[in-house]
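One structure below.
The values are calculated or read from the model by the stated rules, or taken from the named source; none is laboratory data. A quick note: this is a predicted structure, and the numbers were derived from the prediction, not measured. Methodologically, a virtual Cβ is constructed for each residue, glycine included, from the backbone with ideal geometry; neighbour enumeration extends over all protein chains shown. For accessibility, only protein heavy atoms count, side chains too; no ligands or nucleic acids. Shrake-Rupley method; radii C 1.70, N 1.55, O 1.52, S 1.80 Å.
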Amino acid sequence: MQPFGGRAAVAGIGMTELTRRSGRTELELAVEACRAACADAGIGPREVDAVLSYHMNDSAPVVQVARALGIERLGWHNDIAGGGTQAASILGDAAMLIHAGLAQNIVIYRALNGRSGTRMNTVSTGPQERFTYGLAGPIPLFALAATRYLHDTGLTEEHLHAVVAQSRDNAKTNPRALRREPLELADYLARPYVCTPLRTVDCCQETDGACALVVSGVLDGPRVRAVVRGGGPGCSSMDRSPDVTAIFSAYVAPMLWEASGVRPADVDVALPYDAYSWLVPRQLEDFGLVERGDLGAYLLERRHAWVNPHGGLLSEGYVHGLNNVAQAVRELRMGRHEVALVTGFGGSYGSAALLTR
């Protein structure tokens with residue numbers, strides 16, 4: 001195991017209401033979520049000695065949040081530049097701080113007005129704009145990879161519908177979820193494309209809200225068993241890639257199993273980063289949870305109902321993946337599961353973590 005494996009626990013979780021127009025600042029959202037996480041952990045904000053967050057120039061800095069929480073002596077703190085790749089690996093940052101003796105109680109948060117403020121679907125794809133793919137943002141980028149993936153696997157729009165429809169079914173009992181209504185195939189097919197083969201409902205929600213965690217070396221809760229981060233020349237760098245469908249999980253999955261001593265069969269609840277519907281079967285395949293040849297029937301028969309039981313980013317809302325981590329903690333606390341897999345997506349780069357009860 002990794003040296004920090006099992007030493008840190010996620011002792012508290014907190015979330016704001018998820019909306020399409022919060023009417024509040026990112027600072028206000030962050031503070032509410034952080035206070036809720038501290039209360040859930042049974043500590044006061046003044047007992048927090050480190051604060052971590054990740055953002056894309058669309059959030060409240062950690063020093064402002066710490067000040068608003070009343071943390072008078074702030075120790076290790078960091079604003080990590082980045083998006084979905086951080087959703088799982090920020091757990092590793094916290095666990096390493098605890099293992100090094102640099103902190104005992106760490107607050108992690110992600111706050112954004114992702115619908116009424118800076119919207120993710122307008123974020124530049126960076127260097128890709130120099131190439132001739134006609135990419136105007138993340139959706140066209142990953143739609144191109146999705147097209148090839150569907151071709152290679154034989155999956156169709158019916159299988160994408162199965163992913164989205166199941167996420168709606170899972171979300172119907174989740175009061176936090178923005179999308180809880182059923183989605184029949186005919187309704188799915190009637191939805192407009194954003195960029196083929198991705199329709200509007202194949203893309204995650206654009207959401208205002210915040211989520212926070214308390215990771216502790218002295219409090220109890222689900223344990224951070226292993227965390228990995230990495231990637232390669234896949235669908236984020238298509239000009240250099242032998243396989244444009246190779247998302248982060250193709251690279252980090254072997255790292256995770258090696259680092260944890262856990263097997264795919266040990267995972268009994270999976271919370272993959274489902275920014276787009278096709279990422280669900282791709283991650284199920286890469287992490288060894290479903291064989292490629294079995295994916296079609298597996299999806300159509302809805303055997304993936306155990307994946308993102310709260311509805312995920314497709315239906316609950318999009319707090320840049322941290323809300324999936326919060327749900328992993330809920331699932332383990334309820335005692336129905338022993339090992340939870342959570343992931344963070346950023347194209348061909350990303351992260352994964354295993355939490356255990």
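Between His159, His310, His151, the GNM of the chain built on Cα springs shorter than 10 angstrom shows His151 fluctuating the most. Ordering of 179-186, 262-269, 45-52 by packing is 45-52, 262-269, 179-186, highest average first (other Cβ atoms within 10 Å, averaged per residue).
Note on segment 230-357: with charges restricted to the Cβ of Lys and Arg (+1) and Asp and Glu (-1), its dipole about the Cα centre is near 280 debye. On the accessible surface of segment 256-357, probed at 1.4 Å, how many percent belong to carbon and sulfur atoms? Its accessible area is 48 percent carbon and sulfur atoms. With R₀ fixed at 22 Å, the C-beta to C-beta distance from Ile80 to Met255 puts the FRET efficiency at about 0.65. Each peptide in 109-115, 98-104, 10-16 gets a packing score, the mean of other Cβ atoms within 10 Å over its residues, and the list from highest to lowest is 109-115, 10-16, 98-104.
Scanning residues 5 or more positions from Gly234 or on other chains, those with amide H under 5 Å from its amide H are Ser348, with H placed 1.01 Å from N in the peptide plane.
Extension gain for the segment Arg67 to Glu291, taken as residue separation times 0.36 nm less the Cα-Cα distance, is 75.7 nm to one decimal.
A 1.4 Å probe run over the protein chains yields, for segment 183-313, 35 Å² of accessible area per residue, whole-number rounding. Between Asp268 and Thr118, what is the FRET efficiency for a Förster distance of 45 Å, r being their Cβ-Cβ separation, to the nearest 0.05? Calculated value: 0.80. The dipole here belongs to segment 39-78: it is taken about the Cα centre, uses +1 on the Cβ of Lys and Arg and -1 on the Cβ of Asp and Glu, and is about 120 debye.
Sparse packing (at most 14 other Cβ atoms within 10 Å of the Cβ) combined with a DSSP loop state is found for the following GluC sites (Glu not before Pro) in segment 265-319: Glu291, Glu301. Once the Cβ-Cβ distance of Arg302 and Arg191 is raised to the sixth power relative to R0 = 22 Å, the FRET efficiency obtained is 0.65.
Only Cα pairs under 8 Å and 6+ residues apart enter the sum, and on that basis the relative contact order of the chain stands at 26 percent.
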